[in-house]
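Here is the structure we will look at, set down as structure tokens.
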Amino acid sequence: PRHFNTGNSAVITGQDNGDGTYSKTITCPANTTTLRWGYSDWDAKTATCSRETGEYVPAVMSHCFEMTRYDGFGAAQRLNAEGAGFEPCGSQQTGEFSAANIKAKLTSDTDTECGFKHLIPCLAAEPPTCTLDLEQSGCNWNDTSLNITSFYYVDFNEPVWTITEMTDLGQKQNPADKFKFWGCSETYDADRRRRNVEAIAVFDFEMAEAVDVNGIEKRYFVGTNSASETEDVADNYGSRYIAASSVGGCFVVVVTALLAVLFVRIRRRKKSDSEALMT
């Protein structure tokens, strides 16, 4: 049978089955703490040839590939605060909804209502299976779009090796949920000025439009100097990952360009393999 295992120390062994058939089986290199191997097709680990046909089935054996290691996960929530009458996380905002206080709410591990920890599985676990990176977590305000972007990154205690494991640990599971920085159980230097208190009391964050952007790489926010740049990070990643948007009680899950690109690449790879077999 044909295979594409070159330079990866995969081992192919043969066996006479004693019934007129002969099999070959591929074994990938042993896993280590920093490297794991996967099979491109688990059903093609073994190919068998019969004397009746003189051909191996399947004709192409599985190949071994290095699995991607995931050490953490990052995401952002962009929430529209148009009509609020104040600028949550804005540079000029003071009191309860200042940038410092909103970050304190989002990153709190003691507040029973507010914070990333309530919606991120690995932070909510007992004991937690990840750590919130405080330098890569916080908020930003865009005074043009009137959006407040809450962003976070978690470092897993142990690396994982599949996208499913990564998102199960680090991604908010329900698009309807919002990272709360209002209605908190603890006090965060509330602004006592009547004008601000009245405006804050009127605005309902629960009904605000929110968009989640998942899969932001660690350190991607480093170097962003303005709210618009931070929002651009979320927009750029929104074209490469799954974005879940909600307006009131209606939720739409959009499978974005990344999945389409992966699908096309897989189709092309299969086509190339088929053409190689015919030559």
- Once amide H atoms are placed 1.01 Å from N in the peptide plane, what residues at a sequence separation of 5 or more from residue 63, or on another chain, have their amide H within under 5 Å of its amide H? 40, 41
- Modelled FRET efficiency - R0 41 Å, residue 27 with residue 133, Cβ distances, 0.05 increments: 0.60
- residue 157 long-range amide H proximity, modeled H, under 5 Å: 130, 131
- By the Cα gyration tensor axes a ≥ b ≥ c (a/c under 1.5 gives rounded; else a/b larger than b/c gives prolate, otherwise oblate), the shape of segment 35-111 is prolate
- Ignoring ligands and nucleic acids, what accessible area does residue 164 show with a 1.4 Å probe (Å², nearest 10)? 90
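Ordering 180, 105 by how much accessible area each has at a 1.4 Å probe, largest first, what is the list? Intermediate values should be presented prior to the final figure.
On the way: 180 45, 105 0 Å².
My answer, sorted largest first, is 180, 105.
Excluding residue 13 itself, calculate the net charge of residues whose Cβ lies under 12 Å from the Cβ of residue 13, where each Lys or Arg counts +1 and each Asp or Glu counts -1. Display every interim value, and only then the final one.
On the way: positive: 24, 45; negative: 16.
Charge balance near residue 13 sits at +1.
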- Just how much of residue 67 is accessible, in Å², when a 1.4 Å probe is used and the result is rounded to the nearest 10? 50
- With every protein chain in place, the accessible area of residue 52 for a 1.4 Å probe, in Å² rounded to the nearest 10, comes to 140
- Query: Tell me, what is the percent relative contact order of segment 47-170, built from C-alpha pairs under 8 Å that lie six or more residues apart?
  - Reply: 32
- Between the DSSP loop rule and a limit of at most 16 other Cβ atoms within 10 Å, which GluC sites (Glu not before Pro) in segment 60-107 are left? 82
- More than 20 Å apart: what percent of Cα pairs in segment 58-150 qualify? 49
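Multiply the residue gap between residue 157 and residue 177 by 0.36 nm, knock off their C-alpha separation, and tell me the result in nm, one decimal place.
My answer for the length gained is 4.7 nm.
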- Task: Read phi for every residue in segment 164-170 and hand back ³J(HN,Hα) as whole Hz from Karplus 6.51 cos²θ - 1.76 cosθ + 1.60, θ = phi - 60°, with x for Gly and Pro.
- Result: 4, 4, 4, 6, 5, 8, x
- Accessible area (Å², per residue) of segment 122-195, counting only protein heavy atoms and a probe of 1.4 Å: 53
- Note on the structure: In whole angstrom, the spacing between the Cα centers of segment 115-160 and segment 86-106 equals 17
- Rel. contact order, % - alpha carbon contacts under 8 angstrom, at least six apart, segment 1-65: 38
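Which FRET efficiency value, to the nearest 0.05, do you get for residue 164 and residue 43 by plugging their Cβ-Cβ distance into 1/(1 + (r/R0)^6) with R0 = 22 Å?
0.65
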- Taking every other residue with Cβ under 12 Å from the Cβ of residue 105 and scoring Lys and Arg +1, Asp and Glu -1, one gets -3
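The values are calculated or read from the model by the stated rules, or taken from the named source; none is laboratory data. Worth saying up front: this structure is predicted, and the values here are computed from it rather than measured. Neighbour counts run over all protein chains shown; Cβ positions are idealised from the backbone, glycine included. Remember, those area values only see protein heavy atoms, side chains included, never the ligands or the DNA or RNA. Shrake-Rupley method; radii C 1.70, N 1.55, O 1.52, S 1.80 Å.
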